[in-house]
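Novice: Have a look at this one before I ask anything.
The values are calculated or read from the model by the stated rules, or taken from the named source; none is laboratory data. As the structure is a computational prediction, the values presented were derived from the model and not from experiment. Cβ coordinates were reconstructed from backbone atoms using ideal geometry, including for glycine residues, and neighbour counts include every protein chain displayed.
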C-alpha cells in the first residue's frame, strides 16, 4: 500500500506527506542552497501528528527557473504572502541554518492571526549576529556544502555539484542584505536548537535567541550536525512533536 502523493500548494509550499486538513502544520524552511527534499524524512517521522509544509525557494528543484528575490526583505515578504493563504491555526515553524533566520522573520511579518504557535530555529546564530556570521560568498558556498555533510551525498557529477554550490551562493548573497530590526519584538515562543556535533555553533550561542522574543524561550542540544533534518533522517521529529504539544 502506498502513502499519499506529495502535493504543491501555490509557488511556495510543498507537502511531502499530505494529511487531513485538520492536521497541525510544521512549516519547514530549508538551509542555504537547500530544497524541500531536506524534509522528506522529517515529514514521514512526524505523521500523523504534524504535517510538514516545506518552503519551496526559487532557483532550485521544481523552481529552478524562478529568480530569487533581490534582497532578504523581499524574500520574507514573498514567502509570507505565499504562505498565509495556506496556514492553519496553531502551526509550528522550523528552520535550519539560513532557514532559521527566514522562519523567524516570516513569522514576524505575518499578521498576528497567522503567526505560529512556536518558532524553532536550529543551528543558527541569533538574529543580531547576522550577517556577520556569513562566510564570504566566493568560497563560503563550497565550504558550507562540506560543513553540512552534503558534499558526499551528491552524485559524483561536477555539474550537479556546481548547481548545488550556485544555489548556496545565491542564498548567502541574499542573506548578506539582512539587517536585524529589534522593534517591535514579537511575542511568539522560541525554542532554539544546536546540533551536538556542529562545530560552527557553540551551544552557548543559543542564549542570544532569548532577546528575539518577549515570549517564552527555551533551548536544547539535539543529536546531529549542522543540519538536523536530512532527506534520509527524521531529525528532530521527537522534539518538534513535544514542543507542539507543550506550546
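Novice: Between a first residue in region 103-114 that is under 24 Å from residue 31 (Cβ atoms) and a second residue that is modelled with pLDDT under 95 and surrounded by fewer than 24 Cβ atoms within 10 Å (Cβ to Cβ), which pairs have beta carbons less than 7 Å apart while being 6 or more apart in sequence or on different chains?
Specialist: Pairs that qualify, where the first residue is under 24 Å from residue 31 (Cβ atoms) and the partner is modelled with pLDDT under 95 and surrounded by fewer than 24 Cβ atoms within 10 Å (Cβ to Cβ), are 104/127.
Novice: State all residues of region 45-63 that are over 22 Å from residue 191 (Cα atoms) and touching a residue at least 40 places away in the same chain (Cβ under 8 Å); if no residue qualifies, say none. Full working, then the answer.
Specialist: First pass over region 45-63, keeping only residues over 22 Å from residue 191 (Cα atoms): 48, 56-63.
Hits for region 45-63 are 56, 57, 59, 60, 62, 63.
Novice: So how many residues does region 27-41 have that are at pLDDT 95 or above and touching a helix residue (DSSP H, G or I) at 6+ places or on another chain (Cβ under 6 Å)?
Specialist: The number of residues fulfilling the criteria is 3.
Novice: Quick one: in region 69-89, which of the residues that are within 17 Å of residue 28 (Cβ to Cβ) and in contact with a helix residue (DSSP H, G or I) (Cβ under 9 Å, 6 or more places away or on another chain) is surrounded by the most Cβ atoms within 10 Å (Cβ to Cβ)?
Specialist: Filtering region 69-89 for residues that are within 17 Å of residue 28 (Cβ to Cβ) and in contact with a helix residue (DSSP H, G or I) (Cβ under 9 Å, 6 or more places away or on another chain), the one surrounded by the most Cβ atoms within 10 Å (Cβ to Cβ) comes out as 79.
Novice: Identify all residues within region 1-58 that are closer than 17 Å to residue 121 by Cα and more than 13 Å from the chain's Cα centre (by Cα); write none if there are none.
Specialist: 25
Novice: Which of the following residues is over 25 Å from residue 238 (Cα atoms) and in contact (Cβ under 8 Å) with a residue 60 or more places away in the chain: 85, 32? Lay out the reasoning, then the answer.
Specialist: Details: 32 fails: over 25 Å from residue 238 (Cα atoms).
So the residue among 85, 32 that is over 25 Å from residue 238 (Cα atoms) and in contact (Cβ under 8 Å) with a residue 60 or more places away in the chain is 85.
Novice: Any residue at all in region 217-237 that is without any contact (Cβ under 8 Å) to a residue 12 or more places away in the chain and exposed (fewer than 15 other Cβ atoms within 10 Å of the Cβ)?
Specialist: Looking through region 217-237, none of the residues is without any contact (Cβ under 8 Å) to a residue 12 or more places away in the chain and exposed (fewer than 15 other Cβ atoms within 10 Å of the Cβ).
Novice: Taking helices (runs of 4 or more DSSP H) that do not extend beyond region 90-177, which have at least 1 residues that are modelled with pLDDT of 95 or more and crowded, with 24+ Cβ neighbours inside 10 Å?
Specialist: Values: elements: 98-109, 137-147, 158-175.
Correct list: 98-109.
Novice: Further, regarding this structure: Out of all the residues in region 190-209, is one or more surrounded by fewer than 14 Cβ atoms within 10 Å (Cβ to Cβ), free of Cβ contacts under 8 Å to residues at least 40 places away in the same chain and touching a strand residue (DSSP E or B) at 6+ places or on another chain (Cβ under 6 Å)?
Specialist: Scanning region 190-209, I find at least one residue that is surrounded by fewer than 14 Cβ atoms within 10 Å (Cβ to Cβ), free of Cβ contacts under 8 Å to residues at least 40 places away in the same chain and touching a strand residue (DSSP E or B) at 6+ places or on another chain (Cβ under 6 Å), so the answer is yes.
Novice: Only residues that are surrounded by fewer than 21 Cβ atoms within 10 Å (Cβ to Cβ) and part of a loop (DSSP other than H, G, I, E, B): list them for region 18-51, please.
Specialist: The answer is 18, 19, 20, 21, 22, 23, 24, 47, 48, 49.
Novice: What number of residues within region 180-197 are assigned to a loop (DSSP other than H, G, I, E, B) and either over 18 Å from the mean Cα position of the chain (by Cα) or modelled with pLDDT of 95 or more (or both)?
Specialist: Applying the first criterion (assigned to a loop (DSSP other than H, G, I, E, B)) to region 180-197 yields 180-189, 196-197.
Narrowing further to those that are either over 18 Å from the mean Cα position of the chain (by Cα) or modelled with pLDDT of 95 or more (or both): 181-189, 196-197.
Result for region 180-197: 11.
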